[in-house]
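Just so it is clear, none of the values below were taken in a lab; they were calculated from the coordinates. These figures come from a predicted structure and were not determined experimentally. Cβ sites come from the backbone with ideal geometry, for glycine too, and all protein chains shown count toward neighbours.
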Ligand SMILES: [Zn+2]
């Protein structure tokens, strides 16, 4: 809403006059007056703020894909972490199998060397 106020005063003595007053000043008898007009357009600023907030909400509501992308990235991160642990697990199993498989061979070599020294 527009708030406006119109005030008038005598140019010579400063006596407050009606904005519609014509003729000589009732206080000093001189003619001439100052008319002050003030207009406040406060609602224009508040409308612009509310429009900006609405447009941001519309932007967020129009982009649900960003939430979906965030969820997908979260799930991918979990899967990568799981695969990483699985890889370490598989490597540990391979190494342990390899160690078990090598143990009898090493024992045979040790036994062969002991037999060689004994002869
Ligand atoms: Zn006057």
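For the pair residue 30 and residue 5, a Förster radius of 30 Å applied to the C-beta separation gives a FRET efficiency near 0.75, rounded to the nearest 0.05. Projected onto planes of every orientation and averaged, the convex hull of the alpha-carbon atoms in segment 2-41 covers 2.6 nm².
Net length available on complete extension from residue 80 to residue 92 is 2.5 nm, with 0.36 nm assigned per residue and the Cα-Cα distance removed. Label separation (residue 114 vs residue 15): 13.5 nm, computed from points 7 Å beyond Cα along the C-beta direction.
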